[in-house]
Amino acid sequence: MSSADRPALTLALSKGRIFDETLPLLKAAGIEVLEDPEKSRKLIIGTTDPGLQVVLVRATDVPTYVQYGGADLGVTGKDTLIEHGGQGLYQPLDLQIAKCRVSVAVRADFDYAFAVRQGSRLRVATKYVAIAREFFAAKGVHVDLIKLYGSMELAPLTGLADAIVDLVSTGNTLKANNLVEVERIMDISSRLVVNQAALKLKQEPIRHLIDVFSRTVEATQ
Ligand code: PRP
């Protein structure tokens, strides 16, 4: 597809909650996505609006796609945005979707409060290195951060770390692995992010989407 044939706008989404919870926002703009990413292997999906296509990328890649113009817009969690740094992105709207929190969790038999009081050096495993570094620095707790890319819950169970910093939604994953939440670091929701050049060059269709999304978010709060 040459760039001349490409739809005017490309929206980057990740499969799962963000995709599912973005659908009602698109619907409010009169747009339906033409395929279910859980059933199709396609990475570029058309919509009922010939001027908009959706690209499916890993959650952590959404800000990067939008930053470099691989997509004009994207939906991404605050957690992912903080880790990315947000360079080159406008963040016009908190969509109030995919809500969860970033928390510290430990094994149920680990006395976290005591370890912190003692000034012990904690080993903390996480995918959220920037968030964890800032949080423990502000508390004056010394930590060795171990970067992981998934299944953080395993780290305290195998002795890799004393604690993890991870997303918690229902708390079921922690419970199933005999871990307890000991500190809530921040609440998370997903944001609309926009490529800075695209906002200038494709102002009208982007502003339209922002307006519809914004009215829909307000109406549902
Ligand atoms: C997240 C997080 C936890 C889980 C928490 O993982 O990392 O493992 O959800 O949800 P709960 O509190 O409702 O059990 P996700 O499924 O997003 O995949 P990930 O491990 O790739 O981050």
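For region 71-166, please list each of the strands (runs of 3 or more DSSP E) lying entirely inside it that holds at least 3 residues being out of contact with any Ser or Thr (no Cβ under 8 Å at 6 or more places or on another chain) and surrounded by 14 or more Cβ atoms within 10 Å (Cβ to Cβ).
Details: elements: 73-77, 89-107, 122-126, 143-147.
Ranges flagged: 89-107, 122-126.
Kindly provide the set of residues from region 141-160 that are more than 16 Å from the ligand (Cβ to nearest atom) and over 26 Å from LEU81 (Cβ atoms), ordered by number.
HIS142, GLY159
Here's the yes/no breakdown for (1) under 15 Å from the mean Cα position of the chain (by Cα); (2) within 14 Å of the ligand (Cβ to nearest atom); (3) without any contact (Cβ under 8 Å) to a residue 40 or more places away in the chain:
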{"position": "ASP162", "(1), (2), (3)": "no, no, no"}
{"position": "SER190", "(1), (2), (3)": "yes, yes, no"}
{"position": "ALA197", "(1), (2), (3)": "no, no, no"}
{"position": "GLN203", "(1), (2), (3)": "no, no, yes"}
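Here is a yes/no grid of residues against (1) under 22 Å from the mean Cα position of the chain (by Cα); (2) in the same structural domain as ASP79 (by TED's automatic domain parsing); (3) crowded, with 16+ Cβ neighbours inside 10 Å; (4) at negative phi:
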residue: LEU13; (1), (2), (3), (4): yes, yes, yes, yes
residue: ILE18; (1), (2), (3), (4): yes, yes, yes, yes
residue: THR22; (1), (2), (3), (4): yes, yes, yes, yes
residue: LEU25; (1), (2), (3), (4): yes, yes, yes, yes
residue: GLU38; (1), (2), (3), (4): yes, yes, no, yes
residue: THR47; (1), (2), (3), (4): no, yes, yes, yes
residue: PRO50; (1), (2), (3), (4): no, yes, no, yes
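Might you let me know whether region 182-192 holds any residue that is surrounded by 16 or more Cβ atoms within 10 Å (Cβ to Cβ) and more than 30 Å from VAL106 (Cα to Cα)?
Within region 182-192, one or more residues are surrounded by 16 or more Cβ atoms within 10 Å (Cβ to Cβ) and more than 30 Å from VAL106 (Cα to Cα).
Could you check how many residues of region 1-27 are at pLDDT 95 or above and of a type in the set (Gly, Ala, Ser)? Steps first, answer last, please.
Pass one, region 1-27, residues at pLDDT 95 or above: 9-27.
Next cut, of a type in the set (Gly, Ala, Ser) only: 12, 14, 16.
The qualifying residues number 3.
The values are calculated or read from the model by the stated rules, or taken from the named source; none is laboratory data. Note that the coordinates shown come from a computational prediction; the quantities given were computed from them, not determined experimentally. Here the Cβ is made from the backbone with ideal geometry for all residues, glycine too, and neighbour counts use every protein chain on show.
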